[in-house]
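Here's the structure, in structure tokens; my notes come after.
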Amino acid sequence: MALRGNSIKHLVNGATFRNASSFASLLPKGGLSYLDGKWVSAKSGATFEVRNPYSKDLIYNSPDCNIDDAKDALKAARGAFEKWSQETTPKQRGAILQKWFSILQQKEEELARLLTTEQGKPLAEAKGEIQYSASFFDWYAGEARRIYGQVVQSAVPNREHLHIREPIGVVVLITPWNFPTAMIARKAGAALAAGCTLIVKPAHETPLSALALAQTGEEAGLPAGVFNVLTTGHENLQGMSKFLCESPDVDAISFTGSTGVGKLLLTQSASTVKRVCLELGGNAPFIIFESACLEKAIKGTISAKSRGSGQTCVSANRLFVHENVLDKYVEKLKNAVGQLVTGDGLDPKTTQGPLINEKAVEKVQSLINDAVDKGAKIVCGGKKGKATCYQPTILTGVTKDMEIAHQEIFGPVIAIQTFKDEAEVLARANDTRFGLAGYIFSSDASQIYRVTRRLQVGMIGVNEGLISCAEGAFGGVKESGLGREGGAQGIDEFTQWKYICTQH
């Protein structure tokens with residue numbers, strides 16, 4: 001079955017989705033993926049269910065693509081690569097990205113409702129994600145024309161040394177469920193600007209946002225084969241990923257997800273020595289020094305912890321609060337947390353949506369139970385709500401012998417530890433194999449200088465809890481990843497240097 005893109009425009013055009021059942025009636029029966037500019041079913045005809053994480057209602061039966069479908073996607077991406085990289089100029093590619101940016105702006109409401117329906121986050125957050133996603137197409141529309149080379153003076157007469165940057169080739173993007181639009185856009189904007197062609201493998205929990213991106217990309221003018229989407233259920237996931245990592249027709253893998261899966265993909269890609277860009281798990285320290293403005297610290301805590309119900313890789317994971325300001329901080333924080341409302345993301349009153357599934361709830365509850373058994377105190381929350389919602393929770397008295405002090409929580413739990421001095425908290429903050437993001441709150445300029453230089457993370461928010469933006473280079477150190485996304489640095493992952501030596 002193959003249909004043109006117009007058949008799926010009701011995914012994003014003019015619909016208001018009040019509940020999952022009405023949404024399901026708007027989708028093509030049997031499900032479609034997007035390959036070589038066409039809307040197609042999986043070759044096997046198999047599908048998997050996509051359900052609303054809050055209501056558990058069926059939204060869509062998505063194609064369960066397998067390796068046979070992946071071969072078709074590779075053929076399409078490889079076939080489109082030369083024309084896209086060689087026969088379109090950076091200015092032309094930038095113009096398409098700029099148009100894509102405008103389309104996402106125009107369809108923000110519809111895309112956000114789609115995102116909330118399949119992922120669960122509050123509609124206001126979903127709108128923010130669409131804006132954030134669009135910003136990468138806007139940014140890389142300009143960066144496409146700024147992929148510069150280098151001329152190096154020769155020590156030998158009449159010889160020239162030229163270095164140029166070329167697109168790396170066919171890139172596979174493997175993306176997570178927590179930011180189903182943004183994690184594709186952040187990678188795709190840079191890769192397409194550089195001249196690469198793409199195969200997108202979205203999370204099986206949230207394939208519809210990827211399909212909507214394919215639709216809007218087609219409307220923006222992306223040629224057939226440049227942007228392909230393979231939706232895959234849980235059972236086919238491992239085989240599909242292994243095939244793509246080991247395929248010599250794939251030139252690079254860009255993955256966002258857990259450190260464990262990232263290590264596996266890195267191992268599987270070694271046989272072809274392909275480029276691998278990894279944005280992996282975090283264990284972000286959030287340090288509140290004695291001189292901190294507590295109003296900023298509270299605002300930063302809520303920003304860094306409540307977004308996505310704590311299901312983000314840069315979420316504040318280990319809260320270190322100076323012992324002299326602990327009581328005031330906890331009092332103010334409890335008041336702020338008390339204003340959060342959990343529930344259905346499509347309800348305007350909701351500020352905290354559900355966790356993605358029951359397994360996520362069980363993990364959060366297990367971490368809290370372990371901490372309480374070892375002496376931590378629950379200030380507020382600590383219980384499951386309706387569906388897979390979990391009450392925003394504050395824990396005090398957290399110590400290093402508790403699991404929650406070492407594991408990525410991925411839930412709305414603020415686990416507070418105390419410290420006495422700067423040297424102590426730096427040692428504890430760096431005592432982890434993760435190093436994605438970190439946050440510090442201080443009014444002491446000298447302290448800010450010292451701590452930002454010594455904190456072993458790839459990104460730091462200073463008196464700020466929201467640090468992600470298109471202009472900033474996103475990525476970590478240690479086991480939190482390889483490479484950077486966003487900013488001018490994001491282009492580096494999708495280009496390679498060529499040296500040309502010419503005798504005149």
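The values are calculated or read from the model by the stated rules, or taken from the named source; none is laboratory data. Worth saying up front: this structure is predicted, and the values here are computed from it rather than measured. Positions of Cβ are backbone-derived with ideal geometry, glycine not excepted, and every protein chain shown enters the neighbour counts. Protein only, heavy atoms only, side chains kept; ligands, DNA and RNA dropped before computing areas. Shrake-Rupley method; radii C 1.70, N 1.55, O 1.52, S 1.80 Å.
Before moving on, here are some points about what is shown:
- For the chain, the longest principal axis of the C-alpha atoms and the axis of helix 182-194 are separated by about 40°.
- Based on C-alpha pairs under 8 angstrom that are at least 6 apart in sequence, segment 406-504 has a relative contact order of 21 percent.
- As a rough guide to protection, the peptides 433-443, 358-368 ranked by mean Cβ packing within 10 Å, highest first, stand as 433-443, 358-368.
- Whether segment 204-331 is rounded, prolate or oblate, judged on the alpha carbon gyration tensor where a/c under 1.5 counts as rounded: prolate
- Accessible surface ranking for Val330, Val261, Val451, 1.4 angstrom probe, highest first: Val261, Val330, Val451.
- Whole-number Å³ per residue for the convex hull built on Cα positions in segment 115-258: 150 Å³
- Summing charges over neighbours of Glu493, with a neighbour being any other residue whose Cβ is under 13 Å away from its Cβ, gives +1 when K and R count +1 and D and E count -1.
- Here the extension length gained between Gln503 and Glu246 equals 88.6 nm, from 0.36 nm per residue of separation less the Cα-Cα distance.
- Straight-distance candidates among the aspartates and glutamates for linking to Lys328, with alpha-carbon spacing under 20 Å and chain neighbours fewer than 8 residues away dropped: Glu290, Glu295, Asp421, Glu422, Asp444, Glu464.
- Length gained on full extension, Gln92 to Glu362: 92.3 nm, using 0.36 nm per residue less the C-alpha separation.
- Listed residues Val398, Leu244, Gly262: farthest to the positive end of the dipole of the chain (Cβ charges): Leu244
- Exposure check, 1.4 Å probe, all protein chains in place: Lys498 carries approximately 90 Å² of accessible surface.
- For the chain, the normalised intensity computed at q = 0.09, 0.10, 0.11, 0.13 Å⁻¹ comes to -0.63, -0.77, -0.92, -1.23 (log10 of I(q)/I(0), Debye sum over alpha carbons, equal scatterers, no solvent).
- Sequence of His504, His161 from largest to smallest accessible area, 1.4 Å probe: His504, His161
- With Cα atoms defining each centre, segment 402-426 and segment 165-219 are spaced 34 Å apart in the structure.
- Cα centroid separation - segment 230-272 against segment 89-151, whole Å: 25 Å
- Heavy atoms of Lys99 accessible to a 1.4 Å probe, total area in Å² rounded to 10: 100 Å²
- Radius 14 Å from Cβ of Ile147, net charge of other residues (Lys, Arg +1; Asp, Glu -1): +2
- Order of exposure, largest accessible area first, which applies to Lys121, Lys263 with probe 1.4 Å: Lys263, Lys121
- Gain upon complete extension [Leu58, Ala427; 0.36 nm per residue less C-alpha separation]: 128.1 nm
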